[in-house]
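Structure first, then comments.
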Amino acid sequence: MTEGQRGIEAVLKLAPVVPVLVIDELAAAVPLARALVAGGLKAIEVTFRTPAALESIRAIAAEVEGAVVGAGTVLTARQVEQAVEAGCRFMVSPGASPDLLATVEDGPVPLLPGAATASEAMALLERGYRFQKFFPAEPAGGVAYLKALASPLAGIAFCPTGGISRASAGSYLALPNVVCVGGSWVAPGDKVAAGAWDEIEALARDAAGLTACGQEAL
């Protein structure tokens, strides 16, 4: 296993859920990340979907003790450079273009690339990516599809993301080829806008205790 794969494995095994955040206001970044970390979710993915994303990554990396902040929806070489400079600890992409893979190869920050089909997953495995994002999880076939991939693609561990809820997370976590799930339900937009950090911390604590079939860990 490469150093990058060991790095991404360590990130994905920090908790059963990786929060996927779309941050609209920079002022929310630090208190939101602190609430998630306090609830037990240290790996935090900030998606490159808003103008505030890059500075949010920078602020969380600098100010939130215990946070392992990642850059999500990474599509281009320029975004890779920006994310690394801002202090991200891991990167996530919805797919895997040749240019993107060439950019991150032997780089300082590991990538979790996305795959939605068996062929895409196999192509990534050939390049050494044992850990992959299954995206978009629910539209692409959900639990049944991933279960079908478990035996023929036994060398791959997935972080399914996209449409997963608190109710469905446990069914994914029960699969032998799922290491964790990505989800946005732990930081609902209305609670972020309201600054309801205690409520978000409670959602994070609940998510951190999830195991297979959605039961809390003992």
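Measuring r between the beta carbons of Asp190 and Glu55 and using R0 = 22 Å, the FRET efficiency lands at 0.45. With 0.36 nm allotted per residue and the present C-alpha distance subtracted, the Leu101-Arg78 stretch has 7.0 nm of extension available. Computed from point charges on the beta carbon alone (+1 for Lys and Arg, -1 for Asp and Glu), the dipole magnitude for the chain about its Cα centre is near 460 Debye.
Per-peptide packing, taken as the mean over residues of other Cβ atoms within 10 Å, places 196-207, 41-52 in the sequence 41-52, 196-207 from highest down. Taking a ≥ b ≥ c as the square roots of the Cα gyration tensor eigenvalues, with a/c under 1.5 meaning rounded and otherwise prolate when a/b beats b/c, else oblate, which class fits segment 121-185? Note, shape of segment 121-185 comes out prolate.
For the chain, adding -39500 (n - 2.57) for each run of n ≥ 4 DSSP H residues and dividing by the number of residues yields -12500 deg cm²/dmol at 222 nm.
Residues Tyr172, Tyr129, ranked from the fewest to the most other C-beta atoms within 10 Å, line up as Tyr129, Tyr172. Projecting the Cα positions of Ala196, Leu153, Val69 onto the charge dipole of the chain (unit charges on Cβ atoms of Lys, Arg, Asp and Glu, taken about the Cα centre) puts Leu153 furthest along the positive direction. The distance separating the Cα centre of segment 134-156 from that of segment 11-26 comes to 21 Å. Close amide H pairs (under 5 Å, H built 1.01 Å from N) link Val181 with Val17, Val18, residues at least 5 positions away or on another chain. Sequence-ordered 3J(HN,Hα) estimates for segment 34-39 from the Karplus curve with 6.51, -1.76 and 1.60 and θ = phi - 60° stand at 4, 5, 5, 5, 4, x Hz, glycine and proline given as x.
By the Stokes-Einstein formula, at 1.306 mPa s and 10 °C, segment 77-135 with its Kirkwood radius over alpha-carbon pairs has D equal to 137 µm²/s. Remark: relative contact order (segment 10-159) = 16 percent; criterion is Cα-Cα distance under 8 angstrom and separation of 6 or more residues. Peptides 115-123, 159-167 ranked from most to least packed, by the mean per-residue count of other Cβ atoms within 10 Å: 159-167, 115-123. The three principal axes of the C-alpha atoms in segment 41-139 carry coordinate ranges of 40, 29, 24 Å, sorted with the longest axis first. Take every DSSP beta bridge whose two residues both sit in the chain; close to 5 percent of them are antiparallel.
Regarding segment 3-207, what is the average projected area of its C-alpha convex hull, in nm²?
Answer in nm², one decimal: 10.0.
Full extension of the segment from Ala10 to Ala154, taken as 0.36 nm per residue of separation minus the current Cα-Cα distance, would add 49.9 nm. Scanning residues 5 or more positions from Val92 or on other chains, those with amide H under 5 Å from its amide H are Ala71, Gly72, Thr73, Val74, Leu112, with H placed 1.01 Å from N in the peptide plane. Note on Glu199 and Met122: the model spin-label points, each 7 Å out from Cα along the C-beta direction, lie 4.7 nm apart.
Only the coordinates and a few stated rules stand behind these numbers; no lab work does. Source: prediction; values computed, not measured. Please note: Cβ atoms are built from the backbone with ideal geometry, for glycine as well, and neighbour counts cover all protein chains shown.
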